[in-house]
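A quick write-up on the structure given underneath.
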Amino acid sequence: MGSLKLRLAVASAVLIACSVAGTVLVGVHQVERGLTEGLVDSNLGAAQLAGTLSESVVERQRALLATARQWPREQLASPSNNQAFLDRHAALTTLFNRVQVAPLAVTEPAGGRFGSVSAPKRGLPGMDEFVVAMQTPIASDHAPPMALTGLLHLKGDNFLSNMPRLAQLDDIHLQTFVADQKGLLIAHANPQRLLASIDDDPDLRAIAAQWRAMGSPLEPTPWTGRFGKQVAAMAAVPGTDWMVFRVADGDALFGSARRAINNTIWLSAGIAMAGALTIFGLAAWLLRPMGELRQRALLALDPTHPAQVGWPESGGEVGELSRVLKYVSEQLAVSRGEIEQSLQQMQAVLAHAPVGIAFSGEYRIELASSHLERMLGYGAGELKFQWGELVAPEGNRDALRELAESTFQRGQVFQAEVPLVRRDGSTLWTLVHGAAIFGEQRRTIWIVTDATEVRRKRASLEWTAAHDPLTELVNRREFEQRLEGLLDDRRRHDAACALFIDLDHFKQVNDGAGHAAGDAILKKVANVLRDSVRSGDTVCRLGGDEFAVLLPACGLDRAMLIAEQMRYGIALEGVCESDSSLRVTASIGVVEIDTQHLSLSQVLEAADRACYAAKHAGRNVVHSAAAGPADEALAAAMIADGLQQGSPTA
């Protein structure tokens with residue numbers, strides 16, 4: 001269905017077929033509806049047949065009544081006289097199969113003003129045949145009362161038994177049945193079905209169920225209905241308890257209408273096919289320039305073909321379409337040149353940019369610059385990975401992706417230091433900038449630079465800001481921060497201690513051997529302190545010849561032992577290399593950090609007091625801030641005395 005000509009032909013065929021079929025079908029439908037309404041109105045002649053039967057019954061009842069009125073009353077007791085009287089009225093024998101005088105039946109199911117009609121029953125004794133009897137009373141004093149009775153044999157030759165055969169129409173399979181109120185058949189084209197129930201007859205089963213559902217009425221008003229393929233009607237016979245049923249084949253009744261519909265469909269199909277072929281041929285002739293235009297339009301995709309030549313000249317819509325496509329082809333050629341130029345520029349950027357550049361779709365790298373490939377150790381075109389596959393484990397891939405997603409959703413530029421895995425498995429720390437390119441597909445541009453030197457310089461600055469350059473121990477600011485952190489940790493339950501160390505006789509070394517010798521002594525002391533503690537402890541140079549040590553998770557007894565070890569080590573190593581007579585020792589104050597020390601100043605003050613106490617105890621001594629009250633008072637007095645006379649650290 002890709003051809004315009006074929007689509008036009010098919011559409012025309014469908015339109016023609018629908019128009020013709022619709023028109024004819026509406027007409028046929030109206031005819032069929034009219035036929036149905038006519039059948040309903042006619043009741044398949046059930047009402048007329050019921051009326052005819054009623055007239056025949058009345059005619060016979062009148063004949064019986066007229067004869068009964070002439071009957072000699074004195075002859076009722078003599079059967080021979082009765083028979084002789086009947087022989088003189090031979091007209092009755094033409095109306096009945098048999099006429100006789102019989103006792104009057106006191107209960108009859110139906111009757112009129114001219115007599116009664118009995119239900120089907122057996123005839124005279126010895127007769128193996130069912131009859132319908134009509135009786136008219138004979139006026140006399142005879143007991144029991146007698147009646148003139150006319151018998152109609154159900155299998156005999158009479159108006160009742162002959163009706164199904166005479167009223168049958170083979171062309172439409174129209175059948176006629178007569179039944180009494182009990183539903184027993186008293187007239188049927190098949191004598192073998194007589195006195196059978198209408199419920200058991202396959203032709204009557206549907207309408208019998210409807211009649212039963214209505215309460216088995218004996219209404220003279222006819223009723224008509226459709227039951228599947230059957231059309232059925234029924235009407236009561238006035239003056240009797242009889243019902244006339246007529247059943248016809250619906251297919252036979254409406255067959256002509258259906259044949260007309262089928263013929264209409266085939267006629268519509270033929271007309272539609274002829275119209276489609278005509279339109280197809282006409283469209284093929286009119287749309288010849290469209291084929292040429294199609295071939296030329298395909299050449300517009302060839303960049304080597306000139307955009308201005310080869311377009312067919314034509315009038316009407318095809319010519320207008322040709323001019324539009326020619327203009328589009330020219331603009332496409334211009335755009336192609338601009339795109340090629342932009343592509344060359346992008347390729348130059350990717351090949352020579354001093355930073356790594358990558359374009360990704362759904363976080364998968366699709367295009368990478370040469371610098372980025374060299375940074376990560378890949379060859380040209382080999383860097384085709386998901387970003388998550390390039391991020392080293394210490395980079396926390398999921399957290400980085402969530403950060404990038406939230407940043408892009410806010411319309412901001414992503415920036416983070418990301419560790420990437422080189423091809424050889426080593427880690428390269430990089431600074432990554434990313435920006436989302438909004439469009440139908442989720443694409444991102446990434447700028448990647450080597451952050452190794454930046455991180456080294458930053459780490460160096462951070463180390464310098466926290467350490468003493470001479471001894472490479474942490475400085476006072478870093479020590480106080482760590483001590484503050486220890487005090488702020490409310491979850492700490494282990495004991496902790498702080499040591500303050502003041503060198504003895506350091507001024508003499510500086511004055512006697514020079515500052516270089518003093519610096520060498522400070523380095524030796526730093527090594528002694530560093531070698532005396534654990535890796536998690538903090539050793540600090542507070543300034544000048546003062547040092548401090550922070551011992552987390554360490555009790556006072558253990559801290560005193562460590563302090564004593566430090567004092568001993570400093571005494572051994574604190575000898576000036578240029579003049580062995582110059583040497584230093586250490587006065588060490590130890591304070592246990594407990595609930596009494598709630599702030600940094602309280603800890604520093606307690607340690608300082610302990611250190612001064614060690615000084616005034618003779619130097620080269622370890623003193624604990626947990627000394628008794630007398631010792632504390634002595635230490636306070638010594639500190640005051642030292643402040644008045646000069647520093648005791650000399």
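Values in this text are rule-based calculations from the coordinates and carry no lab data. Being a predicted model, the structure only gives us computed values, none of them experimental. Neighbour counts run over all protein chains shown; Cβ positions are idealised from the backbone, glycine included.
Miscellaneous remarks
- Highest-first arrangement of 208-217, 466-475, 372-381, where packing means the average Cβ count within 10 Å: 466-475, 372-381, 208-217
- The stretch 200-224 and the stretch 509-571 have Cα centres spaced 124 Å apart.
- Karplus-derived 3J(HN,Hα) values for the stretch 47-64, using 6.51 cos²θ - 1.76 cosθ + 1.60 with θ = phi - 60°, are 5, 5, 5, 4, x, 4, 4, 4, 4, 5, 5, 4, 4, 6, 5, 5, 5, 5 Hz; glycine and proline are entered as x.
- Placing +1 on the Cβ of every Lys and Arg and -1 on the Cβ of every Asp and Glu, with nothing else charged, gives the stretch 48-94 a dipole about its Cα centre of roughly 100 debye.
- With Cα atoms defining each centre, the stretch 43-71 and the stretch 370-404 are spaced 112 Å apart in the structure.
- For residue 415 and residue 139, the difference between the fully extended length at 0.36 nm per residue and the C-alpha to C-alpha distance is 86.4 nm.
- Potential lengthening between residue 341 and residue 456 on full extension [0.36 nm per residue; Cα-Cα distance subtracted]: 37.3 nm
- At R0 = 41 Å, FRET efficiency that the Cβ-Cβ distance of residue 14 and residue 48 yields, to 0.05: 0.25
- Of 318, 376, 347, farthest towards positive along the dipole that unit charges on Lys, Arg, Asp, Glu beta carbons give the stretch 298-393: 376
- Cleavage-rule hits (GluC sites (Glu not before Pro)) in the stretch 308-363: DSSP loop, at most 15 neighbouring Cβ within 10 angstrom: 313, 362
- Built amide H within the under 5 Å cut-off of residue 593, gap 5+: 496, 497, 498
- Cβ-based net charge around residue 199, under 13 Å, with every Lys or Arg adding one and every Asp or Glu removing one: +1
- Normalised by the number of residues in the stretch 428-582, the average gap of Cα pairs under 8 Å and 6 or more apart makes the relative contact order 23 percent.
- Charging the Cβ of each Asp and Glu at -1 and of each Lys and Arg at +1, and nothing else, the dipole of the stretch 378-533 about its Cα centre rounds to 420 debye.
- Label point distance in nm, residue 424-residue 321, each placed 7 Å from Cα along Cα→Cβ: 6.4
- Backbone HN-Hα couplings from phi across the stretch 413-419 [Karplus 6.51/-1.76/1.60, Hz, Gly and Pro as x]: 8, 6, 8, 6, 7, 10, x
- Taking each residue as 0.36 nm, the span from residue 162 to residue 449 lengthens on full extension beyond its C-alpha to C-alpha distance by 91.8 nm.
- Simple rule: put +1 on each Lys or Arg Cβ and -1 on each Asp or Glu Cβ in the stretch 379-500, find the dipole, and look at 499, 431, 447; the Cα lying farthest toward the positive end is 447.
- The phi-based Karplus calculation (6.51 cos²θ - 1.76 cosθ + 1.60; θ = phi - 60°) puts the 3J(HN,Hα) values of the stretch 388-396 at x, 6, 8, 7, 5, x, 6, x, 6 Hz, whole numbers, x for Gly and Pro.
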